[in-house]
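In what follows, a structure is listed as structure tokens, so that the remarks can point back to it.
The values are calculated or read from the model by the stated rules, or taken from the named source; none is laboratory data. Note that the structure is a prediction, hence the values are computed from the model and not measured. Cβ: placed from backbone, ideal geometry, glycine included. Neighbour counts: every protein chain shown.
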Amino acid sequence: MRSNFPENFLWGAATASYQIEGAYREDGRGESIWDRFSHTPGKTFQGDTGDVACDHYHRFEEDIGIMKKIGLKTYRFSISWSRLFPDGSGEPNPKGMEFYKKLVSKLNENGIKPAVTLYHWDLPQKLQDNGGWANRDTVCHFVEYAKYVFENLGSQVPIWITHNEPFVAAIVGNWIGRHAPGITDFQTALRVAHHLLLSHGLAVKAYRESGHKGEIGITLNMNPVYPASENEMDKAAAKRFNEYLNKWYADPVLKGAYPADLLEWFADRGLAPEILDGDMSAINQPIDFLGINNYYSSFIRHDEHNWPVYASEISTGRDRTKMDWEINPEGLHDLLVYLDKEYGGIKIIITENGAAFNDIVNREGKVEDDNRLDYLYTYLEQVHRAIDSGVNVKGYYAWSLMDNFEWGHGYSKRFGLVYVDFKTQKRILKKSAYWYSEVIRNNGF
């Protein structure tokens, strides 16, 4: 049997600025929270930083050539806020914008649709010094930054994403502390989450007012959530965890309200964020699509030791990727069906899906990453199954175009379709890249 995808399906791959660009002190770029965090001893694997990364800042033309060879219809990348505004606000840095204009122009010349993410976790450090996303002023600075980007690139970019994974930026960066800025305060994390969502809504409004005709949405990391057992405590914990991970971000954007039960749960514990008049309606701007990043599924048991939502993820014994994430392709199908039902058939673009494995270059100079190929194949099968059942999925971006700086894991985790030798910057297309190329060419498999 042949699995054909809808006509004009968006086949792409994704990256993020801090993970690939390098050139961290060039052409007027300011310091970001990830520069500061990665240069702090003990924060990343072996002290790895994004100072050079994939050197994409200097090699973007070569990388676009690779995208064309694979046959990508679209390329999702993010903009470094501190490259455009070294202090986060004030006077823009024209050399920073010049780079993105060249990048966007070259993509369009090669028939590859640019999909721009405005914020992929690299807040200018100067703004963090003033409280970061916990300071409501950062919302205003983000909107000014967004307006500047729309003004300069709006006519050339058809797809816009305001934020990448606000859950991770808020919770992993400000509660767990494993990501920049490395804060470990739950109330701060909820305040950060609220301000991220507010800045999303105001940026969408600014985009509409700019008059540009592209599409704009937000990318949320979302997992299907299952109770670990039929025990009522586990089922209640799974409901809470689903609200904590998924609905806390999707509901305000798409329904104009936080999930009531979890909001009450936080309020009872004195944790609820301050919500000013007009905030929820500002967040609830109509969007053109919901971007989702999915890598694995969450199986949840009740756990009173895991404050504040009293829920923990358990292992189900499935095979795991190098990130220690269980492989469960059916979970992506279940998530897509759930979102379709929960949010009234909203258009969905899968903005990230992929896997890290131990890739090696063999004696023939090839990277035979069959495990990644199998992962992508089985997950795409489930995307196709969801589309067949009526879910409105319009695109898929593999994460990632190339191996890169994997945040706290440094260069120890490889997600790429393209292998990068970080010492020489040599690029090698992996077996999965050639397979994905065939999928795109045939619009199916």
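Taking every residue in the range 1-21 that is under 18 Å from Ile348 (Cβ atoms) and pairing it with any residue that is surrounded by fewer than 22 Cβ atoms within 10 Å (Cβ to Cβ) and acidic (Asp, Glu), at least 6 positions away or on another chain, the pairs with Cβ-Cβ distances below 9 Å are Ser3/Glu381; Ser3/Asp388.
Candidates are the residues of the range 123-167 that are within 18 Å of Thr188 (Cα to Cα) and of a type in the set (Asp, Glu); the one that is nearest to the chain's Cα centre (by Cα) is Glu165.
Can you say whether Pro286 is surrounded by fewer than 19 Cβ atoms within 10 Å (Cβ to Cβ) and more than 30 Å from Gly410 (Cα to Cα), as far as the supplied structure shows?
Yes; evaluated as a whole, the condition is true for this residue.
Among the residues making up the range 252-286, a single one is among the acidic types (Asp, Glu), within 26 Å of Pro224 (Cβ to Cβ) and in contact with a helix residue (DSSP H, G or I) (Cβ under 8 Å, 6 or more places away or on another chain): Asp261.
Can you tell me which residue in the range 18-56 is surrounded by the most Cβ atoms within 10 Å (Cβ to Cβ), limited to those that are within 20 Å of the chain's Cα centre (by Cα) and either at pLDDT below 95 or under 15 Å from Tyr100 (Cα atoms) (or both)? Result: Glu21.
Every residue, every condition in (1) farther than 14 Å from Phe77 by Cα; (2) of a type in the set (S, T, N, Q); (3) in a helix (DSSP H, G or I), yes or no:
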site: Pro92; (1), (2), (3): yes, no, no
site: Gly111; (1), (2), (3): yes, no, no
site: Ala115; (1), (2), (3): no, no, no
site: Phe142; (1), (2), (3): yes, no, yes
site: Ser155; (1), (2), (3): yes, yes, no
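Taken over the range 56-90, the criterion of being assigned to a helix (DSSP H, G or I), farther than 24 Å from Lys423 by Cα and touching a Lys or Arg at 6+ places or on another chain (Cβ under 8 Å) is satisfied by Ser82, Arg83.
Right, Thr188: in contact with a helix residue (DSSP H, G or I) (Cβ under 8 Å, 6 or more places away or on another chain) and β-branched (Val, Ile, Thr) or not? Yes; evaluated as a whole, the condition is true for this residue.
Among Tyr207, Tyr258, which is of a type in the set (Phe, Trp, Tyr) and touching a residue at least 60 places away in the same chain (Cβ under 8 Å)?
Working: Tyr258 fails: touching a residue at least 60 places away in the same chain (Cβ under 8 Å).
Being of a type in the set (Phe, Trp, Tyr) and touching a residue at least 60 places away in the same chain (Cβ under 8 Å) holds for just one of Tyr207, Tyr258, which is Tyr207.
For first residues located in the range 289-303 and within 26 Å of Ile216 (Cα to Cα), partners that are hydroxyl-bearing (Ser, Thr, Tyr) and in a strand (DSSP E or B) and lie 6+ apart or on another chain with Cβ distances below 8 Å form the pairs Gly291/Thr219; Gly291/Thr351; Ile292/Thr219; Ile292/Thr351; Asn293/Thr219; Asn293/Thr351.
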